[in-house]
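Below is one structure, written out as structure tokens; the observations come after it.
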Amino acid sequence: MAESWSSDAGESVYRSRDSVKNLKIRVRIQRITSTTVFSQKIQEQAAEQREKGLIELSTFNTQASSAGGRPDDEEDVTVGWQEKLFSQFELDLFRTEAACQSPLDRQYHNEILQLEKSGTRKNRRIFTYTDYDRYTNLEEHCHSVTTPEMHTPTFLAERMSNVRRRRQERRIAEGSIPKSRLITWDPSEEFVKNNHVINTPVQTMHIMGDLGPYGKLETEGEKQYLWSYVVENVSLSMSREEQDREQRVHKDLYIRHKEYLNSLVGQDFEMPPPGILRLLVNGEIVSAQGYEYDNLYIHYFFELPNNWSSQPFQQLSGVTQTCSTRSLGRENVAYFSYPFSCEAYFRKEDESEGSDPQWPVLYFKVLSLDSWQRYRTEGYGYLVIPATPGCHTLTCATWRPVQSGTVAELRRFFIGGSPELEDISYTRVPGTFKGERLSRFGFRSETTGSVTFKLHCIQHSRAFIDANTLRKRRRSVLDRLGGFSQQSSIYNVLDAFQKARRRMQEARESLPQDLLNSTASA
């Protein structure tokens, strides 16, 4: 008789996008007796006769009802997620207010009193333990009703079964001293296994059944019965119209949220005024190498030519950190990795042909610092900001002024200090120079090391956006700026052609004269 009722479907995992509060589970339990088996046999025969048309529905219901048992032998309850159904033990326990120790116990006490007054209790044997209860069955995963007998629980299942118990027991008493051993320097495999478990926040709910004699708490000495149970998902499914309506609501919500974000961010870039070129330079002082002394630092500043300007808060100068050098091959290299940025605006007053703008120049000075906090000038250099946008890696050689004789070098070694330039822009052409030729006759200098820069240049102008303007002949200065990238590619092709032509001429000149005459006669 027991084999005919054994229909264990095993364990399953269900996932849903819907809210868990909409979950409805129908649980039906029934005590198996000879009357129950006879009733099932009648129902099966009546179903076969009904399919053949030999029995009416009223006759079928009459036979089924006549074979029924006592009311406490069968129960059918529909339970929602985290819905509390009290057991007989909880009814007897929380009926008295003296047994209530926590706010949850007092809440259960009030609910039980209301159930007794209204008489609306819908369960007798089936009850639940919600996520708020203190129930934890430690052996549930090892001796489960719905799992095979030889089933071995996983490590995660064992650890998660104790999560709620550990969460409640880990309480620090008042006045207690916490453990001083906060770090385990030599953890064992068991320690790692027990402590590296992800404690994901979860909610649990247990649907239980009291299969003893109804209304009694003790089952000792009572006869043992065989029960069958059926668990069914009876959650209401959405109709096609409701699903379409919900999708439309979500779509409208996403559209409104997108419009709200667009109102905060905006859909257009911040454009410079008409006739203005905006130049953004995000650079990095990468390294310096080939210098005589250690502990190097760099002082730099930007020089903006005529028709260039910047914001009042823009910093056009700066000093790097002091960096020690390391030996790399034959050179001593100092890696700064110092970032800097500059933003400048160009407005051309004269739009005559051939008057291309002068680009900003980055001047820098390399210095060294000794243990007595004395500095020495190691070299001067400059860097013209590239006219083409993009990423550029440039290495600039430096030099420093020197004096004749050994006294200056001895003074530089023992006392510190060295000849310096009053105007650092003298390394190129000073901005205050108005003549046609700049003579440096008699000025003594010495080549020192080099500094590597990495520049990311961005050019921003309204003239670049208008595609029709780029197809026309470039009349204005800003239009010509937009074509610098195309011009540079053309210049690269012409330069490669000139180099190849020179190599052919050199190869032709290196050939013997007799071979050239024979080739010419042929």
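Taking a ≥ b ≥ c as the square roots of the eigenvalues of the Cα gyration tensor of segment 332-448, is the shape rounded (a/c under 1.5), prolate (a/b larger than b/c) or oblate?
oblate
Amide H contacts for Thr448 (H built 1.01 Å from N in the peptide plane; partners 5 or more residues away or on another chain; cut-off under 5 Å): Thr398, Trp399, Arg400.
Over 29 Å between Cα atoms: which of Lys365/Lys434; Lys348/Lys434; Lys21/Lys251; Lys365/Lys499; Lys258/Lys454; Lys84/Lys117 fall into that group? Kindly include the intermediate steps, with their values, before the conclusion.
Details: Lys365/Lys434 24 Å; Lys348/Lys434 20 Å; Lys21/Lys251 23 Å; Lys365/Lys499 35 Å; Lys258/Lys454 38 Å; Lys84/Lys117 18 Å.
Pairs exceeding 29 Å: Lys365/Lys499; Lys258/Lys454.
Considering only Ser309, Cys391, Tyr293, the residue lying farthest towards the positive end of the dipole of segment 276-482 is Cys391, judged by Cα position with unit charges set on Cβ.
From least to most packed, judged by other beta carbons within 10 angstrom and beginning with the fewest, Cys396, Cys342 follow the order Cys396, Cys342.
Packing here is the average count of other Cβ atoms within 10 Å per residue, and on that basis the peptides 112-121, 436-445, highest first, run 112-121, 436-445.
All of the numbers you see were taken from the coordinates with simple rules; none came from a lab. Bear in mind the structure is a predicted one, so any value in this text is a computation, not a measurement. Here Cβ is always computed from backbone atoms with ideal geometry, including for glycine, and neighbour counts include all displayed protein chains.
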